[in-house]
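Worksheet for the structure shown next.
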Ligand SMILES: *Cc1c(COP(=O)(O)O)cnc(C)c1O
């Protein structure tokens, strides 16, 4: 009820005109049926669609279930293996955390549902904001951005608006270290800034001399720095406070990319060590499942001076910088996941998780260092929550490619780590606190076994082209077919004893890397079938 004479209601796409009319009649509102709009009717689709067999084959629950199971069997997913993607923080998405997403109280609300009809989810959202404020040490959080990159954009827009509010229209230069995630530069450009790249030193840290020099050169044109902490080189940047100071001395703002918060929660707060604004990836550190473009939440967190420049409610966009998403709370329904995660973990549990994540990563680094040198470590030889393995150094001159190692991991029943990011010819491993020692060891054992396979090539015992690595992954089709390889079927299938009980076999062998992405082939009907004759064409069709 808005007033004595008006009320509002929220409906979704399944609500028909009849239902709305019935509701109005029940309230004694006389309904004048809208005249049928014949131009709308002309928009109705009358031809048949979804003609492919797959849409018509499965008509019983049994068949549907088996079809879905068949698809899942092809997938090397978290239900079979750790996914040690560095920088992506692929951790447990527990059933308990996910359950509330299915509740209609969260999942069936329209984004513009009136406040007094959505007290429950608004309480969850407000509490989540407060939890994130406490974790990050910032003064306010907006849950509006739908991805980390959108959070970056929102944060940079806040910085830009802040400078403008002080008459600093010329502050448009954004310094970004070369180790940064690609989204950083893209967001800066979208926010109307010019990117100046800052070098890293041989230890992978921001080169402070280069930073000082570039900040000096930028002078009063300096808008901001975007720095990731801990860095995507997997190391706690020791100079982080100095970096913040240098930027502030030049009147710039400090954006700390908080995607690596899994190494910080409970131990350090970006809002307290010198940053002005950060985004978080709730679909990394805080357990929302991600991958394959799944929904994200990339809240932007700011210190008090930037609060007036947080994204505004799309329903009252005149304040602030305007909205960055069409709904005030972005992907509101999945915010229940981090709320449950943080609530169940409690402060002690979150700190323990951070400690375990860092310990696990250091364990991997130590176990694998003699097989694959760890590219960057901090001053005391340790790393943060992920490590970069210098595979390129190992395979140099062998004729093998880093892809060969990544593909071979599938034969070991493991998902490959992040490959060639942020450094070419490396693998970046992030075990997270969710993986047990047994699973982390399974990964390390596989990597060490693969190192032996690389050594066979390095020693000249077998050529790169003939090696088990070059032909990986091995499908059942491969193994069952004529066998003329220089290695045995058993060494392809069972390089380690425990793999004799494996249940996963890749369903396709290697397709030439990105070739398919660059050379699109249309598998649908020839384009002529879609063409319409000119006489039938109407304007705008
Ligand atoms: C994942 C990530 C981002 C971008 O987040 P999206 O949600 O993928 O847009 C930015 N910076 C770093 C360091 C990341 O790991």
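The values are calculated or read from the model by the stated rules, or taken from the named source; none is laboratory data. Bear in mind the structure is a predicted one, so any value in this text is a computation, not a measurement. With ideal geometry, Cβ positions are generated from the backbone for all residues, glycine too; neighbour counts draw on all protein chains shown.
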Review point. Only one of 286, 273, 309, 329 is farther than 26 Å from residue 207 by Cβ and either under 13 Å from the mean Cα position of the chain (by Cα) or modelled with pLDDT under 95 (or both); which?
Key: 286
Practice item. Considering each of 224, 158 in turn, give the residue that is more than 16 Å from the ligand (Cβ to nearest atom) and either in contact with a strand residue (DSSP E or B) (Cβ under 9 Å, 6 or more places away or on another chain) or closer than 23 Å to residue 354 by Cα (or both). Key: 158
Exercise for review: Pull up the range 134-152, narrow it to residues that are closer than 15 Å to residue 285 by Cα and in contact with a strand residue (DSSP E or B) (Cβ under 7 Å, 6 or more places away or on another chain), then point me to the one that is nearest to the ligand (Cβ to nearest atom).
Suggested key: 148
Point to revise | Single condition residue 89 does not satisfy, out of (1) surrounded by fewer than 13 Cβ atoms within 10 Å (Cβ to Cβ); (2) touching a helix residue (DSSP H, G or I) at 6+ places or on another chain (Cβ under 8 Å); (3) in a loop (DSSP other than H, G, I, E, B) | key: (1)
Exercise for review: Name every residue in the range 265-284 that is near the ligand (Cβ under 10 Å from one of its atoms) and part of a loop (DSSP other than H, G, I, E, B), in order of residue number.
Suggested key: 281, 282, 283, 284
Check your understanding: Does at least one position in the range 207-214 carry a residue that is within 15 Å of the ligand (Cβ to nearest atom) and at pLDDT 95 or above?
Key -> no
Exercise for review: Examine the range 67-83 for a residue that is under 30 Å from residue 388 (Cα atoms), within 16 Å of the ligand (Cβ to nearest atom) and touching a helix residue (DSSP H, G or I) at 6+ places or on another chain (Cβ under 6 Å), and state whether such a residue exists.
Suggested key: no
Practice item. Give 321, 307 a once-over and let me know the one that is assigned to a loop (DSSP other than H, G, I, E, B) and in contact (Cβ under 8 Å) with a residue 12 or more places away in the chain. Key: 321
Study note, to complete from the structure: Of the residues in the range 470-489, those that are in contact (Cβ under 8 Å) with a residue 24 or more places away in the chain and more than 39 Å from the chain's Cα centre (by Cα) number 1
Check your understanding: Does residue 230 satisfy the condition of being surrounded by fewer than 24 Cβ atoms within 10 Å (Cβ to Cβ), more than 10 Å from the ligand (Cβ to nearest atom) and under 18 Å from the mean Cα position of the chain (by Cα)?
Key -> no
Exercise for review: State yes or no: is residue 85 within 30 Å of residue 414 (Cβ to Cβ) and touching a strand residue (DSSP E or B) at 6+ places or on another chain (Cβ under 6 Å)?
Suggested key: yes
Check your understanding: Do we find that residue 169 is away from the ligand (no atom under 16 Å from the Cβ) and closer than 30 Å to residue 13 by Cβ in this structure?
Key -> no
Exercise for review: Consider only pairs whose beta carbons are under 6 Å apart and that are at least six residues apart or on different chains; among these, list those whose first residue lies in the range 80-101 and is touching a residue at least 40 places away in the same chain (Cβ under 8 Å) and in the same structural domain as residue 287 (by TED's automatic domain parsing) and whose second residue is more than 16 Å from the ligand (Cβ to nearest atom) and assigned to a loop (DSSP other than H, G, I, E, B).
Suggested key: none
Point to revise | Top-ranked residue of the range 249-264 - restricted to ones that are assigned to a loop (DSSP other than H, G, I, E, B), over 14 Å from residue 299 (Cβ atoms) and in contact (Cβ under 8 Å) with a residue 60 or more places away in the chain, ranked as nearest to the ligand (Cβ to nearest atom) | key: 260
**Study point:** Where a residue in the range 399-420 is on the phi > 0 side of the Ramachandran plot and without any contact (Cβ under 8 Å) to a residue 24 or more places away in the chain and its partner, wherever it lies, is surrounded by 21 or more Cβ atoms within 10 Å (Cβ to Cβ) and not in a helix (DSSP H, G or I), with Cβ under 8 Å and at least six apart
**Key:** 420/426
